[in-house]
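Have a look at the structure below before the remarks.
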Amino acid sequence: MLDWRQIDTVLLDMDGTLLDLHFDNYFWLEHLPERWAAETGQTADQAKAQLKAEYDLLMGKLEWYCLDYWANRTGLAITELKREIQHKIRMRDDSPAFLTALRQAGKQVILVTNAHPDSLSLKIEQTELASYIDTLVSVHEFGYTKEQQPLWQLLQQKYGFDTERTLFVDDSLPVLRSAQQFGIRHLLAITNPDSQQPARIITEFPAIDNYAVLLDDLTAA
């Protein structure tokens, strides 16, 4: 699937790619609407419908990923609400072996997440992610999301990766399309970002549901 001899740098998404997306889906679709409903006197269904409509409008923009934005919008302490269900934060079962193999192979590994810095910090606290990856990047540092081309330009300027020799892994098709537009040669999609949801069928990009299928080739390279 991948010729690891042609790859020097591996850019990795976090939520759904290295961590189970179930935490995020549960928080945004269930926990936050329920707490907001209790605060505002709406029914849970009303709160879910209203927030979902706003999510859809902001999808791909920095506001959608910004905890400060949602704290102002809802009047709730978003980070503290996340801590209420932090027990749901977990790495994908197949991530540790893959990350270990990347390090042993001498690849430059950079985590690039759209998550807000406070969300990234919480997940670093709750997982062993930082022990596998030397460089952790929240795009909020740059003011653009991975769906937006300026982000890739700024990332390349800072980290100096060669697009022809870079692999990017993500579970979001819009993000993968953005990386493809920028010129990143090697792209890989994750079909099962949420452990509580069925795997998706993805044909637009090479796609996997378990990093184990990559380990033999990666180790050999």
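The values are calculated or read from the model by the stated rules, or taken from the named source; none is laboratory data. Everything quoted here is computed from the prediction, not taken from an experiment. Cβ placement follows ideal geometry from the backbone for every residue including glycine, while neighbour counts extend to all protein chains displayed. Calculation scope for accessible area: heavy atoms of the full protein, side chains included, ligands and nucleic acids excluded. Shrake-Rupley method; radii C 1.70, N 1.55, O 1.52, S 1.80 Å.
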Apply the Debye scattering formula to segment 126-172, with a single equal point scatterer on each alpha-carbon and no solvent, then give log10 I(q)/I(0) at q = 0.23 Å⁻¹. -1.06
Can you give me the Rg/Rh ratio for the chain, using Cα atoms for both radii and the Kirkwood formula for Rh? 0.97
Want the number for Ala221 to Ile85: 0.36 nm per residue separation, take away the alpha-carbon distance, what's left? 45.0 nm
For segment 58-122, dividing by residue count, accessible area per residue (probe 1.4 Å) in Å² works out to 44 Å²
Count the DSSP beta bridges whose two residues both fall in the chain, then state the antiparallel fraction as a percent rounded to the nearest 5. 5 percent
Under a Cβ-Cβ cut-off of 10 Å, what is the net charge of the residues other than Glu63 that fall near it, where Lys and Arg count +1 and Asp and Glu count -1? 0
Report, largest value first, the span of the C-alpha coordinates of segment 55-184 along each principal axis, in whole Å. 45, 30, 24
Within the accessible area of the chain (1.4 Å probe), percent carbon and sulfur: 47 percent
Average the reciprocal distances over every distinct pair of alpha-carbons in segment 151-204, invert the result, and give the Kirkwood radius in Å. 12.2 Å
Can you grab the distance from the C-alpha centre of segment 1-17 to the C-alpha centre of segment 189-207, Å, no decimals? 16 Å
Let me check I've understood the local charge: for Ser178, count other residues with C-beta under 15 angstrom from its C-beta, Lys and Arg +1, Asp and Glu -1. What total comes out? -1
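Cβ under 13 Å from Ala212's Cβ, Ala212 left aside: what net charge do those residues give with Lys, Arg +1 and Asp, Glu -1?
Values: positive: Arg92; negative: Asp93, Asp94, Asp209, Asp216, Asp217.
Every neighbour counted, the sum reads -4.
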How fast does segment 12-56 diffuse by Stokes-Einstein, in µm²/s, taking the Kirkwood radius from C-alpha pairs at 20 °C and 1.002 mPa s? 191 µm²/s
Quick one: accessible area per residue over segment 176-221, 1.4 Å probe, rounded to a whole number of Å²? 56 Å²
